Every structure is written in structure tokens, then in C-alpha cells.
Amino acid sequence: MKQILKYILKNGLRDRLYLGLFITLIVSFSISIFLGSTMLAEQKQSTAAFIAGSSRAILAIGMILFVCLSINRAFENKEVEFILSKSIAREQFILGYLLGFFLAALLIFIPLVLIIALVTKPSIAGLIIWSCTLLSELLIIICFSLLASLILKNSFSAIMASFAFYTISRLMGVFVMAIELPQDLAEAKNHILATGLKFLSALFPRLDLFAQSSWLNYGINDAYGLKIIFWQSLIYIPLMIFMAFHDFKKKQF
Amino acid sequence: MLDLRLSYHLHSHKIFFWLFILVFSCQIFFWKNTEKFRIAFDIVPPAPSKYLTSALSFGDNEFLFRILAMRLQNSGDVFAGFISLKNYDYSRIYDWMKMLDSLNMKSHLIPSLASSYYAQTTKYEDTRYVIDYLDEHSSHNIDENWWWIFQAVFIAKANLKDMNRALELAQKLAQNNAKNAPFWTKQMSAFISEEMGDGCMAFSVIQKLIKESENGVRQIPLHEMEFMRYFINERLRKLKNQKFDPRKCSKNL
């Protein structure tokens with residue numbers, strides 16, 4: 001397990017994940033500070049919102065690419081077969097990879113939070129909640145990317161599926177808003193779109209509620225939203241881990 | 001068949017040359033017909049709908065709010081040129097400001113933009129939209145937004161020169177119970193009434209404030225009291241000169 005963790009973290013170094021993401025984040029920070037300073041009022045709050053929104057997207061995209069490309073390379077180079085030839089359970093293999101990817105994300109995430117705290121001086125409670133929810137959002141994305149890479153075995157398909165998953169999950173708020181289900185089943189055929197959206201909303205997580213930039217500026221007002229985020233993470237992360245276990249157990253090497 | 005192939009082989013370069021000339025002529029013909037086609041340019045485009053903003057925010061309303069606020073702030077500042085505010089469609093600016101309020105009601109960015117920037121138009125009748133917006137924005141919480149109602153009073157009085165609207169807003173301003181609001185927010189309707197030549201209204205407002213002070217309903221700080229004394233003496237002198245008789249005022253005031 002320890003070796004897998006080390007291997008994933010070194011993979012991040014070898015793929016220049018940390019360097020690449022740091023440079024992208026620094027560029028995004030600079031643009032955010034510049035744009036924030038051009039605002040007529042509330043420059044600090046605007047900078048905080050720009051930094052929070054852009055860094056969330058950068059981290060999500062970076063982790064999707066890293067996870068999908070790493071897993072695909074591990075399959076192509078027969079690293080998976082090599083690791084599995086040792087005395088390691090397949091569940092441990094998946095958990096080791098997940099933990100490794102999560103630690104790699106954490107390595108980039110901690111300095112990001114420190115810089116946000118220094119530059120924008122946000123509400124402390126808001127920053128803590130924002131960080132925790134962004135971490136759980138990243139964990140959900142990492143889990144899905146890992147699952148997609150294991151199932152699809154093709155890096156391009158896995159990347160596209162993960163992007164689609166992230167986009168749809170982030171749009172789930174609009175979908176839920178647009179759903180107006182028919183009163184009786186006879187009308188159902190006229191409401192195919194609404195039924196489809198309802199179906200999607202049952203399958204996808206509510207990522208639109210995670211990591212709100214407003215928490216950095218105004219703190220937390222809605223404890224109910226936090227409860228939803230907590231339960232959503234608690235259900236969805238194991239759901240994907242168990243699905244990955246099931247899929248990987250069936251695989252023949 | 002062989003002859004046909006041989007002929008194609010010998011003359012294909014000529015065929016492709018003439019095909020090239022034909023398609024090139026088509027491109028010239030296309031250019032001639034579309035030469036005057038210009039993309040419609042709006043200084044202020046229509047405000048995005050509720051569904052579009054929900055979709056564009058990807059769940060993070062604060063981030064989108066700051067981006068769109070920047071868009072509104074910089075509208076008309078395009079292609080390295082500036083457009084006079086009198087050419088803006090203020091009904092659209094009003095729609096934008098209302099839409100931005102639906103994303104973030106706590107921020108003071110949009111009221112600042114409305115009162116400090118968009119109120120500067122030389123087409124004074126357009127300031128009615130700014131006043132309406134400031135009035136509606138502040139009405140949600142007068143205690144927190146008394147400053148913006150005051151701005152609306154000022155714009156109505158100085159720019160629009162609609163004293164009735166200014167008085168109406170000043171009366172709303174007087175309803176605030178904010179601890180940080182200066183005492184003149186209560187007197188504003190008296191100042192405006194007096195300017196309108198309505199001595200009775202001014203007298204009534206001042207009388208009400210004095211009564212509240214005497215009954216202990218409102219604590220008036222010493223420096224405010226000094227100003228009040230000066231103001232009342234000044235106004236009383238003026239009223240005396242005008243032979244103002246408070247007994248003739250309607251008791252309804």
C-alpha cells in the first residue's frame with residue numbers, strides 16, 4: 001500500500017502535475033487579482049470569488065487528466081499486472097491508488113488555501129467549509145475518473161466521460177429547477193425531457209452545492225446545504241469505490 | 001475503361017485546376033455578397049435569463065455574479081473605445097442590475113455601480129431606472145441599505161429633478177432603524193419638503209424628531225443635537241420671515 005502511495009506521488013512529480021498545476025494556479029491568481037483590482041467596489045471580495053471559482057475548475061480538470069492518464073499508462077505498461085502479481089488484494093490496489101491521487105491533490109490544495117487566506121483574508125469559517133467541500137468534490141471526481149479509467153480502459157473515453165460527469169453534476173441545480181414532472185403517467189410521453197432529467201438527477205451527485213465562493217466573502221448562512229453536501233459525499237464516494245471494486249474483481253489479466 | 005482511366009490520369013491535374021478556379025470564384029462571390037454583413041453590436045446586450053444564469057454559474061452564483069458585474073461595469077468599453085452613457089439603453093441596465101441582485105443581494109457592488117457610475121448620464125430621464133433599482137434593492141432591508149436610498153434621493157433631486165420622487169424616497173429613508181445611520185437620514189424629508197416650499201411638512205418632521213427625543217424614543221448624540229439646534233434655528237428664522245403659521249398645517253401630517 002505504502003509503495004503504491006509513493007508510486008502515485010512520484011508519478012505526479014514525473015508527469016509534472018504539481019509544477020503544471022502550480023503554474024496554472026499562479027497565472028489564474030494573477031489574472032484574478034488584476035480583474036478584482038479593476039472593480040469599482042468590493043475589490044477583495046471580487047478577487048476572492050475569481051480565485052475560488054477558477055482554482056476549483058483548474059484543480060478538477062488537472063486531477064481528471066492526471067487520474068485518467070496515470071491509470072491508462074499503468075494498464076499499457078503492464079504495471080497493474082506487476083503490482084497484482086505481489087501479495088496485494090485488488091481492493092487494496094484500488095484504495096491505494098485512490099489515496100495516492102487524493103494525497104497528490106492535497107499537496108496542491110494546501111498551498112492554494114494558504115495563498116487564498118493570505119491574499120483575500122476571507123471569513124475563517126467560510127474558508128474552512130469551502131476547503132472541506134472542495135476536497136470532497138475533488139475526491140468524488142477522483143473516484144469517478146478512476147472508475148471511468150478502469151471500465152473504459154481508454155484514456156480519451158475516460159477523460160471525456162469524467163468531464164461530462166463533472167459538467168452534468170455541476171449543472172444538476174439547473175436540471176432540478178427545470179424538472180416539472182407530469183401529474184399522471186398518461187402525460188409522461190409529453191414530458192420525456194423532464195423524466196430524463198429526473199432520472200439523471202437520481203444518478204448524479206449535487207456538485208453544484210459544493211465549494212461556494214460566497215462562503216469566502218459572507219461566511220456560512222445555510223447549515224441545511226452543508227448537511228446535503230455531507231450526506232452526498234458520504235453516500236457517493238463509497239458508491240463509486242464499491243463499483244470500482246466490483247469491476248476490478250471481474251477483470252481478467 | 002482503360003482509356004477512361006488513362007485519360008483521367010493524363011488530364012486530372014487540369015480538372016482539379018478548373019475545379020479550384022470554380023470554388024475560388026464561389027468564395028469571391030460569397031465574399032461579395034457578405035461583405036457588408038456586420039455582427040450586431042449592442043452596448044448593453046439583453047440581460048441573461050434566470051435559467052441561463054443558473055446554467056452558466058455551474059452552481060457557483062457568487063463567481064458568476066462577480067464575472068457578470070465586471071461585464072456590466074465594462075459594457076460600452078469595447079474595441080479600445082468608449083461610448084457616452086447617454087447612448088446606453090438604461091432599461092437593459094436596469095434588467096442587468098435586477099438579474100445580478102438575484103445572484104447576490106448582499107453585495108454593495110451593483111448599487112455602487114448604479115449610483116456612482118450609471119447615474120452620471122447626461123440624459124437625466126434615464127436616471128429614473130437607476131433610482132427605481134436603488135429603491136427596489138434597498139427596500140429588501142432598509143436598515144442595511146439606507147445609504148443607497150439616500151443616493152436615490154440625491155439622484156432624484158439633483159439629476160432627475162423630480163422632487164416628489166425624492167420626497168417619497170426620503171420618507172422611506174426616514175424609516176431606517178440602523179445604528180450606524182446618521183440623524184440627518186431622519187431629517188431628509190424635512191429638507192426636501194422645505195425646498196419644495198412645503199413648510200408644513202418640514203415643520204412636522206422636525207416636530208416629530210423633537211418629540212421622539214423628549215420622550216426618550218430616540219437617543220440623539222450631542223454632535224447631532226448641536227447640528228439639529230443650528231438647523232432648527234436657521235429654519236425657524238426662515239419660517240418666521242415667511243410668516244409661517246404651524247396652526248394652519250393639516251393635522252394629518
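General remarks:
- Inter-chain Cβ neighbour average for residues A:34-42, partner chain, 10 Å: 5
- Euclidean distance between Cα centres, region B:100-145 to region A:75-96, Å: 61 Å
- Using distinct alpha-carbon pairs, which all enter the 1/r mean, Kirkwood radius of region A:53-154 in Å: 14.9 Å
- Fewest-first ranking of B:Val44, A:Val113, A:Val27, B:Val23, using other Cβ atoms within 10 Å as the exposure measure: B:Val23, A:Val27, A:Val113, B:Val44
- Shape descriptor for the protein assembly as shown: Rg over Rh equals 1.14 (Cα atoms; Rh from the Kirkwood inverse mean 1/r).
- Dimensions in Å of region B:147-188 - Rg and Dmax from alpha carbons: 9.8, 30
- Electrostatic bookkeeping for A:Gln45 treats Lys and Arg as +1 and Asp and Glu as -1; over the other residues with beta carbon under 11 Å from its beta carbon, the sum is +2.
- Couplings for region A:232-247, taken from phi via the Karplus curve 6.51 cos²θ - 1.76 cosθ + 1.60 with θ = phi - 60°, read 4, 5, 5, 8, 6, 5, x, 4, 6, 5, 5, 5, 5, 4, 4, 5 Hz in order; Gly and Pro are left as x.
- Taking the number of Cβ atoms within 10 Å of each Cβ as an exposure proxy, the fewest-first ranking of B:His108, A:His246 is A:His246, B:His108.
- Cα-based Kirkwood hydrodynamic radius, chain A, one decimal, Å: 19.7 Å
- D_trans [Stokes-Einstein, Kirkwood Rh over alpha-carbon pairs] for region B:128-174, 37 °C, 0.692 mPa s, µm² s⁻¹: 329 µm²/s
- Number of partner chain Cβ atoms within 10 Å, mean per residue of A:210-218: 4
- Size-normalised alpha-carbon gyration radius of region B:17-174, reference 2.2 N^0.38 Å: 1.43
- Computed packing ranks the peptides A:219-227, A:192-200 as A:192-200, A:219-227, most packed first, by mean other Cβ atoms within 10 Å.
- Peptide A:124-134, shielding by other chains (average Cβ, 10 Å cutoff): 0
- Relative compactness, region A:1-86, computed as alpha-carbon Rg over 2.2 N^0.38 Å: 1.52
- C-alpha center-to-center spacing [region B:15-30, region B:41-78] in angstrom: 43 Å
- When the Cα convex hull of region B:3-94 is projected onto planes of every orientation, the mean area is 12.3 nm².
- Ranked list, fewest to most other Cβ atoms within 10 Å of each Cβ, for B:Ile93, A:Ile116, A:Ile61: A:Ile61, A:Ile116, B:Ile93
- As an equivalent ellipsoid, region A:94-228 spans semi-axes of 31, 23, 10 angstrom, where each value is the square root of five times an eigenvalue of the C-alpha gyration tensor, largest first.
The numbers here are math on the coordinates, done by the rules we state, and not lab data. Here the structure is a predicted model, which is why all the values come from computation and not from measurement. Please note: Cβ atoms are built from the backbone with ideal geometry, for glycine as well, and neighbour counts cover all protein chains shown.
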